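The values are calculated or read from the model by the stated rules, or taken from the named source; none is laboratory data. Quick caveat, the model's predicted, so the values are computed rather than measured. No Cβ is skipped: glycine too gets one built from the backbone with ideal geometry, and neighbour counts run over all protein chains shown. All accessible areas refer to the heavy atoms of the entire protein, side chains included, with ligands and DNA or RNA removed. Shrake-Rupley method; radii C 1.70, N 1.55, O 1.52, S 1.80 Å.
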Amino acid sequence: VGTVEPRKNLSRVIEAFEQVNEPVSLVIAGKLGWKYAAILKQIEQSPKRRFIKLLGYVPETDKPYIIKLARAFVWPSLYEGFGLPILEAMAVGTPVITSNVSSLPEVAGDSAILVNPFNVGDIAIGIQTLLTDDSVREHYIKAGLERSKKFTWENCAEEVRQVLSETRK
């Protein structure tokens with residue numbers, strides 16, 4: 001979910017999906033952003049193109065339902081300011097594969113499979129693992145549910161209050 005653009009690393013996600021030998025689909029939801037044409041062309045030329053579903057824009061109210069239906073939430077973004085989508089996935093019980101760069105490791109903690117977003121093989125192994133190893137999948141579902149509880153708006157407000165309080169000193 002999110003905007004279809006290069007920093008979301010969809011090109012490598014598609015390549016990784018092509019390496020997975022499980023009967024699943026890759027579902028991409030989000031409006032078209034900048035430099036999306038190459039991604040659409042890659043989908044058209046993929047040997048697994050009939051298993052790649054491009055939904056387009058999905059309303060915020062529908063996103064949790066789509067994410068909940070996923071066997072895995074694959075988000076190896078190259079750059080994120082925070083990474084709210086991985087918390088949204090964790091909160092609905094979908095295990096997460098995300099980048100070991102940018103802000104994402106801090107958000108995910110040890111509650112997601114962290115991959116090198118520049119390494120297609122790493123992404124493919126993460127996907128294959130969550131599709132085939134039920135004990136690993138269950139571990140990340142439980143860990144993600146617990147992790148997502150730490151990121152409430154109340155906790156955010158308290159942290160902002162503490163920072164503001166310290167800057168007044």
Within region 37-52, residues open to solvent by 80 Å² or more (accessible area, probe 1.4 Å) and either closer than 25 Å to L87 by Cβ or touching a helix residue (DSSP H, G or I) at 6+ places or on another chain (Cβ under 8 Å) (or both) come out as P47, R49
If a residue has to be surrounded by 16 or more Cβ atoms within 10 Å (Cβ to Cβ) and of a type in the set (D, E, K, R) to count, how many in region 76-115 make the cut?
-> 2
With the condition kept exactly as written, say whether any residue in region 134-142 is in contact (Cβ under 8 Å) with a residue 12 or more places away in the chain, assigned to a loop (DSSP other than H, G, I, E, B), touching a strand residue (DSSP E or B) at 6+ places or on another chain (Cβ under 8 Å) and open to solvent by 20 Å² or more (accessible area, probe 1.4 Å).
-> no
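Against the definition (in contact (Cβ under 8 Å) with a residue 40 or more places away in the chain, open to solvent by less than 70 Å² (accessible area, probe 1.4 Å) and more than 17 Å from G144 (Cα to Cα)), how does V13 come out, yes or no?
Considered against the rule, which asks whether it is in contact (Cβ under 8 Å) with a residue 40 or more places away in the chain, open to solvent by less than 70 Å² (accessible area, probe 1.4 Å) and more than 17 Å from G144 (Cα to Cα), V13 comes out as yes.
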Residue ID - least open to solvent (accessible area, probe 1.4 Å), chosen from residues in region 21-36 that are under 24 Å from S102 (Cβ atoms) and more than 14 Å from the chain's Cα centre (by Cα) = G33
